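> This is the structure, below, for whatever I ask next.
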Amino acid sequence: MAATATPGLDIGQLRKDFPILSQRVRGKPLVYLDNAATSQKPRSVIDAVGRFYAAENANIHRGVHVLSERATVAYEAARERVARFLNAASPGEIIFTRGTTEGINLVAQSWGRGTLHPGDEILVTVMEHHSNLVPWQLLAGQTGATVRAVPITDAGELDLDAFDRLLGDRTRLLAVAHVSNALGTINPVQALVARARERGVVTLVDGAQSAPHMPVDVQAIGCDFFAFSGHKAFGPTGVGVLYGRGALLERMPPWQGGGDMIETVTLEGSTFAPPPARFEAGTPMIAEVIGLGAALDYIGSLGFEPIMAWEHDLLAYATEQVGGLAGIRLIGTAREKASVLSFVVEGVHPHDVGAVLDDEGVAIRAGHHCAQPVMRRLGLPATVRASLAFYNTREEIDALVRGLHRVRTLFA
Amino acid sequence: MSSLSELYQNVILEHNRSPRNFRPMPDADQDAEGHNPLCGDQVVVWVRMNGDVIEDVSFQGSGCAISRASASLMTSAVKGKTREEMASLFDRFHRLVTGALPPGEAETLGKLAVFSGVSEFPIRVKCASLSWHTLKAALEKGGRVDAGTAGPSGPDRPSA
């Protein structure tokens, strides 16, 4: 199938690791370009989850029997794997959540509720996914704080002058996407976090769209919190990660109460376990955590350097091919972009584009991408979004382009 | 015919290009706004009544070809109908797009039968029925009603 333009990645070979990719839909080979919504899973992840249930299933952190011991070891090994993946200082800074959304809500409620006061400001950006906006709006409603948003340029880049103006004496938290899910813009999070920290502002980076595509070093970024989702990083659904700086986690109260997060419980009250257990009440998603560990192993076996080179090449090719079509306007043309190609076809609603592409076997997302403020800013109700992963090929971009020609013919 | 060409029949494509009754109505008796938060589609429907009869109906808004053509064909179909006739038409139309209408009954829908292909695309049922829900809301309550939050019944209810 595909070219091996990049030394180190044999795309045709690695596609065989993903069972789902070999199927046909609507009589055509599946062309999966909806990776920003969720990614496909390699056999090793599927097998890790299956093997856990077939041979290791038991609850963790409590049993004295062999299976419980095995499950606990595997679960904690995944935590160490994630800590290496993010270059966290310690596995104790890794909290397993249901996903990015839950991680951000955890910070909002555990860190935010006791910390923010009327007049305090939470700084976000116009390009945030709803999951990095709505939890702060809820927190603002609970505490009397206000949410302010850094504007963007027409190209979809942050207005850094405005950022400097908005980062003020009342700012308590900066919450910013590493990569925009709707536009693909890579934000200069290291610089933004540095400016915030100079002012003592706590920082959270939404890494849902970056962690699957580029190396993340939370210590180099310097952020206090970093959240991402397993299912977008080739792992199972229902598991995500919240990295939290150890010193901050120590001071944060529990978010949910239950088993596994306590030290001592009496009818009168309870004392709580140290992080990360303090934030993992109840039986967690053990199989999914183990599957996530396998996903990070898989990414590690490929290496981010060749992944980034290939995805950069694909995005450049897609930008040229799709952007060159008459009647198509690219949305989000930041200088630094990753894996996302958003566009509109003049005179054709994105849902209709999506229906025609689906008939060609091409899976894309049409809609507001859970980022309504950025759509409103750009004056669009919706866009078509093709989002790439390392297993995509130039031939698949060609299939997308053929589908777009058919869209133009049908709705001419 | 492929299911895609069943969905986008020529009548639908033509009404999408040149929607009928696509205009505001300054002397309307009632209007309502319909909104589908899932895809951002938005439609306003205006109605002028003569007793129990829909004397004039018009719409404006933004949405996909299915929702726009559906609104356009709806305005043509319900003009001159009583509330009861409109309700009966909507009922049959709704069953058509959800695949629950016997083929014999589809013929009673006239031009609206071109939406039969929608039943193969469950996610597009909302698109086809948004303007109908909005017209129903306008007739029932008048004033401005958000069909998205007012909670139109049925499996095609717009969801957040």
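> Based on what the data block shows, is A:A334 within 20 Å of the chain's Cα centre (by Cα), of a type in the set (G, A, S) and not in a helix (DSSP H, G or I)? Write out each step before concluding.
Numbers: within 20 Å of the chain's Cα centre (by Cα): yes; of a type in the set (G, A, S): yes; not in a helix (DSSP H, G or I): yes.
Yes: the conditions hold for A:A334.
> For the range A:182-193, enumerate the residues that are hydrophobic (A, V, I, L, M, F, W, C) and either touching a helix residue (DSSP H, G or I) at 6+ places or on another chain (Cβ under 9 Å) or in a loop (DSSP other than H, G, I, E, B) (or both). Write out each step before concluding.
In the first step, residues of the range A:182-193 are kept if they are hydrophobic (A, V, I, L, M, F, W, C); the result is A:182-183, A:186, A:189, A:191-193.
If the condition is that a residue be hydrophobic (A, V, I, L, M, F, W, C) and either touching a helix residue (DSSP H, G or I) at 6+ places or on another chain (Cβ under 9 Å) or in a loop (DSSP other than H, G, I, E, B) (or both), then A:A182, A:L183, A:V189, A:A191, A:L192, A:V193 are the ones that fit.
> In the range B:36-61, which residues are away from chain A (no Cβ under 11 Å), touching a Leu at 6+ places or on another chain (Cβ under 9 Å) and within 30 Å of A:V384 (Cα to Cα)?
Hits for the range B:36-61 are B:V43, B:V45, B:F59.
> Out of the residues in the range B:12-35 meeting the condition of being touching a Ser or Thr at 6+ places or on another chain (Cβ under 6 Å) and either within 14 Å of chain A (Cβ to nearest Cβ) or not aliphatic (A, V, I, L, M) (or both), tell me which one is surrounded by the fewest Cβ atoms within 10 Å (Cβ to Cβ). Give the derivation first.
First pass over the range B:12-35, keeping only residues touching a Ser or Thr at 6+ places or on another chain (Cβ under 6 Å): B:15, B:19-21, B:23, B:25, B:32, B:34.
Narrowing further to those that are either within 14 Å of chain A (Cβ to nearest Cβ) or not aliphatic (A, V, I, L, M) (or both): B:15, B:19-21, B:23, B:34.
Details: B:H15: 24, B:P19: 21, B:R20: 16, B:N21: 19, B:R23: 12, B:G34: 31.
Among residues in the range B:12-35 that are touching a Ser or Thr at 6+ places or on another chain (Cβ under 6 Å) and either within 14 Å of chain A (Cβ to nearest Cβ) or not aliphatic (A, V, I, L, M) (or both), the one surrounded by the fewest Cβ atoms within 10 Å (Cβ to Cβ) is B:R23.
> If you don't mind, another one. Looking at the range A:236-255, which of its residues are in contact (Cβ under 8 Å) with a residue 60 or more places away in the chain and not in a loop (DSSP other than H, G, I, E, B)? Steps first, please.
Our first condition is that a residue be in contact (Cβ under 8 Å) with a residue 60 or more places away in the chain; within the range A:236-255, this holds for A:236-246, A:248-249, A:252-255.
Across the range A:236-255, the qualifying residues are A:G240, A:V241, A:L242, A:Y243, A:G244, A:G246, A:L248, A:L249.
> Moving to a separate point now. Could you check how many residues of the range A:359-395 are within 21 Å of A:V25 (Cβ to Cβ), part of a helix (DSSP H, G or I) and touching a helix residue (DSSP H, G or I) at 6+ places or on another chain (Cβ under 8 Å)?
The total comes to 2.
> From the set of residues in the range A:362-412 that are charged (D, E, K, R) and within 12 Å of chain B (Cβ to nearest Cβ), which is surrounded by the most Cβ atoms within 10 Å (Cβ to Cβ)?
Across the range A:362-412, the extreme among qualifying residues is A:R365.
> Something else: Would you tally the residues in the range A:226-239 being under 16 Å from A:N132 (Cα atoms) and over 9 Å from the mean Cα position of the chain (by Cα)?
Of the residues in the range A:226-239, 1 are under 16 Å from A:N132 (Cα atoms) and over 9 Å from the mean Cα position of the chain (by Cα).
> Name the pairs whose Cβ atoms lie under 8 Å apart, with the first residue in the range A:277-303 and on the phi > 0 side of the Ramachandran plot, the second polar (S, T, N, Q), and 6 or more positions between them or separate chains?
A:G282/A:Q256
> Quick check on the range A:336-361: of everything there that is touching a strand residue (DSSP E or B) at 6+ places or on another chain (Cβ under 6 Å) and free of Cβ contacts under 8 Å to residues at least 60 places away in the same chain, which residue is nearest to the other protein chains (Cβ to nearest Cβ)?
The extreme case among them is A:H351.
> So, in the range B:73-102, of the ones that are among the β-branched types (V, I, T) and either assigned to a helix (DSSP H, G or I) or crowded, with 22+ Cβ neighbours inside 10 Å (or both), which residue ends up nearest to the other protein chains (Cβ to nearest Cβ)?
Our first condition is that a residue be among the β-branched types (V, I, T); within the range B:73-102, this holds for B:75, B:78, B:82, B:97-98.
So of that shortlist, the ones also either assigned to a helix (DSSP H, G or I) or crowded, with 22+ Cβ neighbours inside 10 Å (or both) come out as B:75, B:78, B:97.
Working: B:T75: 19, B:V78: 24, B:V97: 15 Å.
For the range B:73-102, the residue satisfying everything is B:V97.
> Still on this structure: A:A318 fails exactly one of the following numbered conditions: (1) farther than 21 Å from A:K232 by Cβ; (2) at pLDDT 95 or above; (3) touching a strand residue (DSSP E or B) at 6+ places or on another chain (Cβ under 7 Å). What is the number of that condition?
(1)
The values are calculated or read from the model by the stated rules, or taken from the named source; none is laboratory data. These numbers were taken from a predicted model, which means no experiment stands behind them. Cβ atoms come from the backbone with ideal geometry, glycine included; neighbour counts cover every protein chain shown.
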